[in-house]
Amino acid sequence: MELRQLKYFIEVAEREHVSEAAEHLHVAQSAVSRQIANLEDELGVQLFEREGRNVKLTPIGKIFLTHSQSILKSVDRAVEQVNAYLDPERGSIKIGFPTSLASHLLPTVISAFKEKHPNVRFQLRQGSYYFLTEGVKNRDIDLAFLGPVPTDDFLLTGNILFTERIFALLPSNHILSERKSLRLRDLRNDEFVLFPEGYILQKIAIDACKQEGFLPNINAEGEDLDAIKGLVSAGMGVTLLPESTFYDTVPKFTVKVPIEDPIISRTVGIIVPSNRELPPSVQTFRRFIIDFFTILEKYQ
């Protein structure tokens, strides 16, 4: 079995068309057909069945596709790591991050790092809390920024960079908009705008409300910060957001109010896998991040 056969097989499986796969691979259609036939002969199973001019995976073909994709991903990752060891200053780092850290923290850190290591490349992946933790475990991501930092997963090693408070964001015409601070239970009769289920910021908000003896009445949901802030601006409800999400400015027609009771906060940091060695370029970036925030904390 050859890697070329797996590449051809995956291309045909994803396009469900032999000639289109051949065109994309820049090889003759007969070469693709021959390699697929050789692969089926070696395995002793039929991977495809024809449907008119198209082809479809057989049930066993679908299983083999999953393993083939995993094999090629591992090979590609191995090549990347070899190149990184040969020249850490020209490595490639896959970074994951949530929407709440996208506007200020991530650009600031990467920009500072690139000044010292201009040839290191970055691949950025944005996603939910679960997506990021699983991505680090499954080798899809080298390192992820996250808040809060998990402390009970033995497959992950986390470093807390800072702790930040959660604030209430209210429409500017809200009855409490002129308060210098408020109690979370003051919002028990309000409608809330939150992230969808599965997003950690929704969990933080709901857990905080539960501790104060009420469940938030969720009127609307948004999958990114701009959507959440926009819905609050439109008077659709109130929300709870980390302080760092207001770094640039508070949106028009809204007011940011500190919550004095209870104090709600989250840790923010980075996670890496605990069960494998990091490539040199990733190790360098991780050390840079930790040092960067250590120095920053001294000046705050």
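The values are calculated or read from the model by the stated rules, or taken from the named source; none is laboratory data. Note that the coordinates shown come from a computational prediction; the quantities given were computed from them, not determined experimentally. FYI the Cβ positions are ideal-geometry reconstructions off the backbone, even for glycines, and counts take in every protein chain you see. Note: accessible area is taken over every heavy atom of the protein model, side chains too, but ligands, DNA and RNA are not part of it. Shrake-Rupley method; radii C 1.70, N 1.55, O 1.52, S 1.80 Å.
Put one equal scatterer on each alpha carbon of region 1-150, apply the Debye formula with no solvent term, and list log10 I(q)/I(0) at q = 0.19 1/Å to two decimals. Result of the Debye calculation: -1.06. For region 28-57, the residues whose amide N sits under 15 Å from a probe point set 7 Å from the Cα of residue 19 along the beta carbon direction are 28-33, 51-55.
Arrange the peptides 30-40, 190-200 so that the one whose residues have, on average, the most other Cβ atoms within 10 Å appears first.
Details: 30-40: 16.3, 190-200: 18.8.
So the order, starting with the most tightly packed, is 190-200, 30-40.
Surface calculation, 1.4 Å probe, protein heavy atoms: residue 106 sits at approximately 10 Å² accessible. What is the projected area of the convex hull of the Cα atoms of region 3-84, averaged over all directions, in nm²? Computed as one quarter of the Cα hull surface, the answer is 5.6 nm².
Amide H contacts under 5 Å for residue 167: 241, 243, restricted to partners 5 or more places along the chain or on a different chain, H placed in the peptide plane at 1.01 Å from N.
Consider all pairwise Cα distances in the chain and report the whole-number % of them above 28 Å. The partial results should precede the final answer.
On the way: 24318 of 44850 pairs.
The proportion of pairs with Cα distances above 28 Å equals 54 percent.
Normalising by residue count, region 162-266 has a Cα convex hull of 93 Å³ per residue. Round to a whole number: what % of the accessible area of the chain belongs to carbon and sulfur, probe 1.4 Å? Carbon plus sulfur share of accessible area: 49 percent. When you filter the trypsin sites (Lys or Arg not before Pro) in region 93-166 for DSSP loop state and at most 15 other Cβ atoms inside 10 Å of their Cβ, you are left with 139. Of the DSSP H helices in the chain, those with a Cα length along their own long axis of 15 Å or more and a mean Kyte-Doolittle hydropathy reaching 0.0 comprise 59-86, 105-116, 200-211, 280-298.
Write down the accessible area per residue of the chain in Å², having rolled a 1.4 Å probe over the full set of protein chains. Don't jump to the answer; show the numbers that get you there.
On the way: 16150 Å² over 300 residues.
Counting only protein heavy atoms, the per-residue value for the chain is 54 Å².
Computed per residue of the chain from DSSP H runs no shorter than four, each worth -39500 (n - 2.57), the mean residue ellipticity at 222 nm is -13500 deg cm²/dmol. Its convex hull of Cα atoms gives region 140-186 a direction-averaged projected area, equal to a quarter of the hull surface, of 5.9 nm². For the pair residue 27 and residue 50, a Förster radius of 22 Å applied to the C-beta separation gives a FRET efficiency near 0.60, rounded to the nearest 0.05.
Grab the beta carbon distance between residue 102 and residue 261, set R0 = 25 Å, and tell me the FRET efficiency rounded to 0.05. All intermediate terms of the calculation are to be shown ahead of the outcome.
Working: r = 30 Å, r/R0 = 1.20.
That pair, residue 102 with residue 261, gives E of 0.25.
Note the full-extension length gain between residue 221 and residue 114 as 0.36 nm times their separation in residues minus their Cα-Cα distance, in nm to one decimal. Working shown, then result.
Details: separation 107, 0.36 × 107 = 38.52 nm, distance 3.59 nm.
Contour length minus the Cα-Cα distance gives 34.9 nm.
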